[in-house]
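Structure first, then comments.
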Amino acid sequence: MTYRRIRFGQLGSSEVVAFAVSELARYLNMMDPQLVVDVLQTEQLTESFKGVIWVGQDEKLKEKLPAVDDPKADDGIAVKVVNGEGFITGTNGISVLIAAYRFLKALGCDWVRPGIEGERIPKKAVENVNVEISEAASYRHRGICIEGADTYQNVLDMIDYVPKVGMNEYFMQFLVPGSFFYRWYWHNSNPYLEKEELCADEVAAMTVSLEKEITRRGIRYHKAGHGWTCAPFGFDATGWNESGEETVIPEGVEQYLALLDGKRKVFRNIPLDTNLCYSNPEVRRIMTDSIAKYCRDNPQIDVLHFWLGDGPNNQCECEKCTVKRPSDWYVMMLNELDAKLTEQGTETKIVFLLYVDLLWEPVEEKLANPSRFIMMFAPITRDYGKNYSDFLEYNGELPPYECNKLRLPKELSQNLEHLRRWQQQFDGDSFDYDYHLMWAHMADPGYERCAKNLFRDMQDLHKIGINGMVSCQIQRCFFPTALPLNMMAAALWNENENYEAKVEAYYNAAFGADGPLVHEYLGTLSDLMTLYVSPAFGYKTESDISFCKDYGAVRKLVDNFIPVIEKNAAVNNACREDWELLKFHAEYVKMFIVCFRALEKGDAEESKRLAKALVDYVNRNEIRLQKVIDGENIQRVMRDRLNLPRNTRLID
């Protein structure tokens, strides 16, 4: 028997480097159970130690790294291992972890989707290891934001996946992200599941645990967002009023609410959506004091988001507020917050957003300390069937800002013109906050068109002056594959990545020898469906268009491929689960197309009946499909696609 040994030199006591070394040892032993893995922990690289792979950061390794603008914020990796000796390093903690996963990938490991079911770990002897990599990420910001209906494990799996595909940030929305957990554990959207008890304190405890997982991986941690207009004033800030109960206005708070139609009230009975009277100095003081204290009490947060109320056209109409744009009052508050953070010695970065009313740039106020801030471009009403690079020019005048009378832009060119107006005032750090994997992807049941569009958008972010993306998305968006997420990550890491080569590698890893057949099958399915390229955002579906090139061809395509699925699903290997999921997906597609065929024919009642049948199918199978499909979100999307009122229930 051949004796095999590998030695890692852990440089320093960093929690992230220690985790990287433990991951290297864990996966190498999964590959080769007979491999002996030694770990030597030292404070610095010791050249007299031979046969060691050094992992971490050291002065002697800095010159091996590619150049980046800011080593603390920008990721560069360097790996050089020859005959089992060398180094794995990065510009910062998470870069080291990303480098470790790239080393493992060079040895044959792969991760096709979050969770252990997505692991592809070859069984082979680990010997004569030779790997050489030197790369810097194309974009600084490469992150995921929590959305959807989630279990603790769903979120942990996504956090774990982030560095495995070269991403580096995770955004936990709200101070306590209750909404996303209540949607799952309360099961309000699935009558086949009984409600599970879950309160805000339990969600807070889960969040603390997840934050520890974020920290041990060195992931740049984003927090909060919406909520600052309600939590400091005694309102619930855990979500969009999931309970539906009537909101009680705390004593003395009514005076601070936005004046709408002559009344100061909670907008749509949702505190999270409610804006305030920002011309009131006491409102601004309460908000900025609360944010400053939160930053001081939570040093684990790298980037804190300060947003206003959610939704458009709900700004205060009082005489004092209407003399300025909301963005002017917003910048005034940002400056007031910066002064307080500076005074208390807090270095936390603050995100401000370009979103709904705030797309219109300020005309009076300017940021006093731009280095404190990161600009977030959130064009939520854009069309996801199109790409940024095709709409870089805008010919015309932007609609003027009119308080609570805005028509938000769907066209990419108009959204980008708003961005350019802001960029004329702020040339600091920035990222895109887009929703490709929130709603739009469900209009493309093959995911191929979505993946390609998403990849291309990420490639072209530099053309619009943006340094990356944080994807606002459901966490369970892998039905039928995780191709869109993987292509997003690939282009954010390397804007010059070869798309076709990356796609081919993905299908081979996910489905094995018949991966090319799945690629052809899902590609054809995406090409036959035209729903993805026609609507904007996903709220409404245009009624005078075709949703599919040939419904009969889709049905024939699926029926003809089912034998291939069944053959592969019968083979007991690492790809079996992904083939099993294709069985469920095939039935889903057949139900999906008959629903939209009825809608296209103008039979609203029949399309609604068929949509209910589709939702029922997902609900009945949601436990089996829990890690890949978000049933609650599907109901929302189907309701909107069918142009049904927002209170319509597609479950009985």
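Hey, does segment 381-394 have a residue that's of a type in the set (Ser, Thr, Tyr), in the same structural domain as Asp357 (by TED's automatic domain parsing), buried (at least 20 other Cβ atoms within 10 Å of the Cβ) and touching a Lys or Arg at 6+ places or on another chain (Cβ under 6 Å)?
Initially, segment 381-394 is screened for residues of a type in the set (Ser, Thr, Tyr), giving 381, 384, 388-389, 394.
Still in the running and in the same structural domain as Asp357 (by TED's automatic domain parsing): 381, 384, 388-389, 394.
Right, trim to buried (at least 20 other Cβ atoms within 10 Å of the Cβ) and you get 381, 384, 388.
From the residues that got through so far, the ones that are touching a Lys or Arg at 6+ places or on another chain (Cβ under 6 Å) too are 381.
Yes - at least one qualifying residue is present in segment 381-394.
Those residues that are at pLDDT 95 or above and acidic (Asp, Glu), I need them from segment 558-602; list them, please.
Answer for segment 558-602, where residues must be at pLDDT 95 or above and acidic (Asp, Glu): Asp559, Glu566, Glu577, Asp578, Glu580, Glu587.
At least 1 residues that are under 23 Å from the mean Cα position of the chain (by Cα) in each: list the strands (runs of 3 or more DSSP E) lying fully within segment 40-148 that qualify. Write out each step before concluding.
Values: elements: 53-55, 76-82, 85-90, 131-136, 141-145.
Result: 76-82, 131-136, 141-145.
Only one of (1) touching a Pro at 6+ places or on another chain (Cβ under 6 Å); (2) at positive phi is not met by Val331, so which one is it?
(2)
Assess whether Leu416 counts as being among the aliphatic types (A, V, I, L, M) and at pLDDT 95 or above. Even if it seems obvious, please write down each step before you answer.
Numbers: among the aliphatic types (A, V, I, L, M): yes; at pLDDT 95 or above: yes.
Yes; evaluated as a whole, the condition is true for this residue.
For segment 481-499, state whether one or more residues are surrounded by 24 or more Cβ atoms within 10 Å (Cβ to Cβ), over 15 Å from the mean Cα position of the chain (by Cα) and under 30 Å from Glu587 (Cα atoms).
For segment 481-499, residues surrounded by 24 or more Cβ atoms within 10 Å (Cβ to Cβ), over 15 Å from the mean Cα position of the chain (by Cα) and under 30 Å from Glu587 (Cα atoms): present.
For segment 360-370, what are the residues that are more than 12 Å from Pro326 (Cα to Cα) and either among the small types (Gly, Ala, Ser) or outside any helix (DSSP H, G or I) (or both)?
Within segment 360-370, the first condition is being more than 12 Å from Pro326 (Cα to Cα), and the residues that meet it are 366-370.
If the condition is that a residue be more than 12 Å from Pro326 (Cα to Cα) and either among the small types (Gly, Ala, Ser) or outside any helix (DSSP H, G or I) (or both), then Lys366, Leu367, Ala368, Asn369 are the ones that fit.
Pull up segment 36-75, narrow it to residues that are hydroxyl-bearing (Ser, Thr, Tyr) and in contact (Cβ under 8 Å) with a residue 24 or more places away in the chain, then point me to the one that is farthest from Gly428 (Cα to Cα).
Within segment 36-75, the first condition is being hydroxyl-bearing (Ser, Thr, Tyr), and the residues that meet it are 42, 46, 48.
Next, only the ones that are in contact (Cβ under 8 Å) with a residue 24 or more places away in the chain stay: 42, 46.
Values: Thr42: 38, Thr46: 40 Å.
Residue satisfying both the conditions and the ranking: Thr46.
For a quick check of your reading of the model, give me the residue pairs whose first member lies in segment 618-629 and is within 12 Å of Pro191 (Cα to Cα) and at pLDDT below 95, whose second is of a type in the set (Phe, Trp, Tyr) and assigned to a loop (DSSP other than H, G, I, E, B), with beta-carbon atoms closer than 9 Å and at least 6 apart or on different chains.
Taking only residues 6 or more apart or on different chains, not a single pair turns up.
Checking the condition of a type in the set (Val, Ile, Thr) and touching a helix residue (DSSP H, G or I) at 6+ places or on another chain (Cβ under 8 Å), which residue from Val68, Val37 passes?
After applying the criteria, what remains is Val37.
Mind checking which pairs have a first residue in segment 130-147 that is at pLDDT 95 or above and a second that is of a type in the set (Val, Ile, Thr) and outside any strand (DSSP E or B), Cβ under 7 Å, 6 or more apart or different chains?
Close Cβ pairs (under 7 Å, with a partner that is of a type in the set (Val, Ile, Thr) and outside any strand (DSSP E or B)) amount to Ala136/Val68; Ile144/Val162; Ile146/Val155; Glu147/Ile474.
For segment 595-607, how many residues meet the condition of being part of a helix (DSSP H, G or I), out of contact with any Asp or Glu (no Cβ under 8 Å at 6 or more places or on another chain) and free of Cβ contacts under 8 Å to residues at least 40 places away in the same chain?
Narrowing segment 595-607 to residues part of a helix (DSSP H, G or I): 595-600, 604-607.
When the remaining residues are screened for being out of contact with any Asp or Glu (no Cβ under 8 Å at 6 or more places or on another chain), the result is 595-597, 599-600, 604-607.
After this cut, where a residue has to be free of Cβ contacts under 8 Å to residues at least 40 places away in the same chain as well, the list is 604-607.
Count: 4.
Note down all Cβ pairs under 8 Å where the first residue falls in segment 20-34 and is within 19 Å of Arg217 (Cα to Cα), the second is hydroxyl-bearing (Ser, Thr, Tyr) and in a helix (DSSP H, G or I), and they're at least six residues apart or on different chains.
Taking only residues 6 or more apart or on different chains, the pairs are Glu23/Tyr101.
Among (1) more than 25 Å from Leu354 (Cβ to Cβ); (2) surrounded by 22 or more Cβ atoms within 10 Å (Cβ to Cβ); (3) of a type outside the set (Phe, Trp, Tyr); (4) in contact with a Lys or Arg (Cβ under 8 Å, 6 or more places away or on another chain), where does Ala258 come up short?
(1)
Can you tell me which residues in segment 113-131 are surrounded by fewer than 13 Cβ atoms within 10 Å (Cβ to Cβ) and more than 28 Å from Phe87 (Cβ to Cβ)?
Answer for segment 113-131, where residues must be surrounded by fewer than 13 Cβ atoms within 10 Å (Cβ to Cβ) and more than 28 Å from Phe87 (Cβ to Cβ): just Ile116.
Quick one: in segment 292-324, which of the residues that are part of a loop (DSSP other than H, G, I, E, B), in contact with a His (Cβ under 9 Å, 6 or more places away or on another chain) and of a type outside the set (Gly, Ala, Ser) is modelled with the lowest pLDDT?
Filtering segment 292-324 down to residues part of a loop (DSSP other than H, G, I, E, B) leaves 298-302, 307-320, 324.
From the residues that got through so far, the ones that are in contact with a His (Cβ under 9 Å, 6 or more places away or on another chain) too are 301-302, 307-310.
Of the ones still in play, those that are also of a type outside the set (Gly, Ala, Ser) are 301-302, 307-308, 310.
On the way: Ile301: 98, Asp302: 98, Trp307: 98, Leu308: 97, Asp310: 92.
The selected residue is Asp310.
Across segment 231-269, what is the number of residues that are free of Cβ contacts under 8 Å to residues at least 60 places away in the same chain, part of a loop (DSSP other than H, G, I, E, B) and not aliphatic (A, V, I, L, M)?
Our first condition is that a residue be free of Cβ contacts under 8 Å to residues at least 60 places away in the same chain; within segment 231-269, this holds for 231-236, 241, 243-257, 261-269.
From what's left, part of a loop (DSSP other than H, G, I, E, B): 234-236, 241, 243-253, 261-262, 265-266.
When the remaining residues are screened for being not aliphatic (A, V, I, L, M), the result is 234-236, 241, 243-247, 250-252, 261-262, 265.
Total satisfying the criteria: 15.
In this structure, does Asp357 turn out to be over 23 Å from Asp297 (Cβ atoms) and either assigned to a helix (DSSP H, G or I) or not basic (Lys, Arg) (or both)? Spell out how you get there, then give the answer.
Details: over 23 Å from Asp297 (Cβ atoms): yes; either assigned to a helix (DSSP H, G or I) or not basic (Lys, Arg) (or both): yes.
Yes; evaluated as a whole, the condition is true for this residue.
How many residues does segment 181-228 hold that are of a type in the set (Phe, Trp, Tyr) and part of a helix (DSSP H, G or I)?
Here is the first cut: in segment 181-228, the ones of a type in the set (Phe, Trp, Tyr) are 181-182, 184-186, 192, 221, 228.
Still in the running and part of a helix (DSSP H, G or I): 181-182, 184-185.
So the count comes out to 4.
If you check Thr247, Thr229, which single one turns out to be modelled with pLDDT under 95, closer than 15 Å to Asn314 by Cβ, assigned by TED's automatic domain parsing to the domain that holds Asp150 and not aliphatic (A, V, I, L, M)? Reasoning before the result, please.
On the way: Thr229 fails: modelled with pLDDT under 95.
Selected residue: Thr247, the only one of Thr247, Thr229 that is modelled with pLDDT under 95, closer than 15 Å to Asn314 by Cβ, assigned by TED's automatic domain parsing to the domain that holds Asp150 and not aliphatic (A, V, I, L, M).
Condition first: in a helix (DSSP H, G or I), within 16 Å of the chain's Cα centre (by Cα) and within 14 Å of Leu210 (Cβ to Cβ). Now tell me which residues in segment 154-180 satisfy that.
Asn154, Val155, Leu156, Asp157, Met158, Ile159, Asp160, Tyr161, Val162, Phe180
So that you can scan it fast, the table gives a plain yes or no per residue for (1) among the hydroxyl-bearing types (Ser, Thr, Tyr); (2) under 15 Å from Phe103 (Cβ atoms); (3) surrounded by fewer than 19 Cβ atoms within 10 Å (Cβ to Cβ):
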| position | (1), (2), (3) |
| --- | --- |
| Phe19 | no, yes, no |
| Met30 | no, yes, yes |
| Gln34 | no, no, yes |
| Val37 | no, yes, yes |
| Glu43 | no, no, yes |
| Thr46 | yes, no, yes |
| Ile53 | no, yes, no |
| Glu59 | no, no, yes |
| Val68 | no, no, yes |
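Test Asn275 against the stated conditions and say whether it is crowded, with 19+ Cβ neighbours inside 10 Å and not charged (D, E, K, R). Even if it seems obvious, please write down each step before you answer.
Working: crowded, with 19+ Cβ neighbours inside 10 Å: yes; not charged (D, E, K, R): yes.
Judged against the criteria, Asn275 is a match.
Please count how many residues of segment 270-291 are closer than 18 Å to Ala339 by Cβ, assigned to a helix (DSSP H, G or I) and of a type outside the set (Asp, Glu). It would help to see each step written out before you state the result.
Residues of segment 270-291 that are closer than 18 Å to Ala339 by Cβ, as a first pass: 278, 281-291.
Right, trim to assigned to a helix (DSSP H, G or I) and you get 281-291.
Subset that is of a type outside the set (Asp, Glu): 281, 283-288, 290-291.
Summing the residues that are closer than 18 Å to Ala339 by Cβ, assigned to a helix (DSSP H, G or I) and of a type outside the set (Asp, Glu) in segment 270-291 gives 9.
Scanning segment 3-17 for residues that are buried (at least 16 other Cβ atoms within 10 Å of the Cβ) and of a type in the set (D, E, K, R), which turns out farthest from Gly86 (Cα to Cα)?
This residue is Arg4.
For segment 402-411, indicate whether the set of residues that are assigned to a loop (DSSP other than H, G, I, E, B), of a type in the set (S, T, N, Q) and at positive phi is non-empty. Lay out the reasoning, then the answer.
Looking only at segment 402-411, we keep the residues that are assigned to a loop (DSSP other than H, G, I, E, B), and these are 402-411.
Right, trim to of a type in the set (S, T, N, Q) and you get 404.
So of that shortlist, the ones also at positive phi come out as 404.
Yes, segment 402-411 contains at least one residue that is assigned to a loop (DSSP other than H, G, I, E, B), of a type in the set (S, T, N, Q) and at positive phi.
The values are calculated or read from the model by the stated rules, or taken from the named source; none is laboratory data. Values in this document were obtained by computation on a predicted structure and should not be read as measured data. A quick note on method: Cβ atoms are made from the backbone with ideal geometry, for glycine too, and the neighbour counts reach across all protein chains shown.
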